[in-house]
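Q: Provided herewith is a single structure, encoded as structure tokens, for subsequent inquiry.
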Amino acid sequence: MWKFLKDESGESAVVVALSMTAILAMAALVLDIGMAYVEASSAQNAADAIALSVGRYLPVSQNDETKLNQIINEANKYAVKNGLTNFKAEDLVFEKVSNGKYRSLSVKVEKISETRLVKVIGVDDIKITKSASVSAVPTGSVSGAAPIGLTEEVYDAAIASGQTDHLTLKVGGGEGVNGFFGLIVLDGSNGNANVLEKWLKYGYEGANYVGESLPVATGDKTSAVKSAVSYRMSQCNHFAGYGGCTPEHYDENCSRVMFVPVYKVNPDRTVIAVGFTAILLEGSYEQDQIQGSLIDTNISYSDKISEKDCGIYTFRLTE
């Protein structure tokens, strides 16, 4: 090699020049590809962040233009936070329709990584496209539940028949002071009437989860039910021109929206939660009854999900 390099015929100089050019081109390509890899990682992080920022709104009705625009605006806001200036509404695609609602959406992020060294071989930039999808999934835990619920049989029958309005969650009379009238002790204690009334009004301050076994409360506790229903109904001041919240239009933060377990009854006077559903509380002619209609809603991120879909959703990034 040394002899070849010292050759003064001129051929070695040409070969060396060509070799150096190839080596420099390869080095430039490696450097620019490395920069493109960094940009690709940034684009993927941006896509994930945008998808997660709007996942909490799923599922969303196909006809709810207000909520759909809210999702688009939220996605744009997070795109800007992630340094994207070319994000468009078309980069957000609503998908997986079920019962008139989008259950999933995908986000596309495009970036251009400008080259620095390989421009000499005609490559001015590298186009990068990344995507992320987020889907609504049934939650396996909720905070703020009310100490009432529906048996799995009643819930499944309501869904199967489509008769999801005006369901009775709690009834009084007929079983004496030791009967189970639908009230559940969410913290596993002895079911103090004052505590049950507080939970009925404001929701349990802790979290409950699928698979949890909870004792039932005995006695009808009519006064607690009456007081709590009256309080929750009085706090609803939404959609005043349309008769307040209804299953067709409701504020998800309304006091009439109650999270309740769907459960199986065990022989030992306990119940086991198999899922969680949301009820829009309604007025009842019977003071010792709790009546409501099933609704779908979403909550913030939960690390637990449920195999049974009961209408309360959290979200997950999906492939």
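The values are calculated or read from the model by the stated rules, or taken from the named source; none is laboratory data. This structure is a prediction, so every number in the text was calculated from the model and none was measured. Here the Cβ positions follow ideal geometry from the backbone for every residue, glycine too, while neighbour counts run over all protein chains shown. When the accessible area is computed, the model is the full protein with side chains, heavy atoms only, and any ligands, DNA or RNA have been set aside. Shrake-Rupley method; radii C 1.70, N 1.55, O 1.52, S 1.80 Å.
Q: Let me spell it out: the conditions are (1) farther than 24 Å from residue 50 by Cα; (2) touching a strand residue (DSSP E or B) at 6+ places or on another chain (Cβ under 6 Å); (3) at pLDDT below 90, and residue 111 meets all of them except one. Which number is the exception?
A: (1)
Q: Here's another thing I want to ask about it. Here are 294, 317: which of them is surrounded by fewer than 15 Cβ atoms within 10 Å (Cβ to Cβ), within 24 Å of residue 143 (Cβ to Cβ) and among the aliphatic types (A, V, I, L, M)? Steps first, please.
A: On the way: 294 fails: surrounded by fewer than 15 Cβ atoms within 10 Å (Cβ to Cβ).
None of the others qualify; the one that does is 317.
Q: Please specify each residue of region 94-110 satisfying the condition of being assigned to a strand (DSSP E or B), of a type in the set (S, T, N, Q) and open to solvent by 30 Å² or more (accessible area, probe 1.4 Å).
A: Looking only at region 94-110, we keep the residues that are assigned to a strand (DSSP E or B), and these are 94-98, 101-110.
Retained after the next criterion (residues that are of a type in the set (S, T, N, Q)): 98, 104, 106.
98 - this is the single residue of region 94-110 that is assigned to a strand (DSSP E or B), of a type in the set (S, T, N, Q) and open to solvent by 30 Å² or more (accessible area, probe 1.4 Å).
Q: Oh, and also: Across region 267-282, which residue is surrounded by the most Cβ atoms within 10 Å (Cβ to Cβ) among those that are modelled with pLDDT of 90 or more and not hydrophobic (A, V, I, L, M, F, W, C)? Before you say what the answer is, go through the steps one by one.
A: Initially, region 267-282 is screened for residues modelled with pLDDT of 90 or more, giving 270-282.
Add one more test, that the residue is not hydrophobic (A, V, I, L, M, F, W, C), and what stays is 270, 275, 277, 282.
Working: 270: 17, 275: 23, 277: 28, 282: 20.
Only one residue tops the list, namely 277.
Q: Same structure, new question: I'd like to check something: does region 206-225 contain any residue that is in contact (Cβ under 8 Å) with a residue 24 or more places away in the chain, buried (at least 20 other Cβ atoms within 10 Å of the Cβ) and closer than 17 Å to residue 311 by Cβ?
A: Yes, because at least one residue in region 206-225 is in contact (Cβ under 8 Å) with a residue 24 or more places away in the chain, buried (at least 20 other Cβ atoms within 10 Å of the Cβ) and closer than 17 Å to residue 311 by Cβ.
Q: Which condition from (1) open to solvent by 10 Å² or more (accessible area, probe 1.4 Å); (2) outside any loop (DSSP other than H, G, I, E, B); (3) aromatic (Phe, Trp, Tyr) is the one that residue 285 breaks?
A: (2)
Q: Among the candidates 264, 308, which residue alone is more than 24 Å from residue 54 (Cβ to Cβ), open to solvent by 20 Å² or more (accessible area, probe 1.4 Å), among the charged types (D, E, K, R) and in a strand (DSSP E or B)? Don't jump to the end; show me each part of the working.
A: Numbers: 308 fails: in a strand (DSSP E or B).
Matching residue, one of 264, 308: 264.
Q: What's the number of the only condition in (1) modelled with pLDDT under 95; (2) open to solvent by less than 60 Å² (accessible area, probe 1.4 Å) that residue 142 fails to meet?
A: (1)
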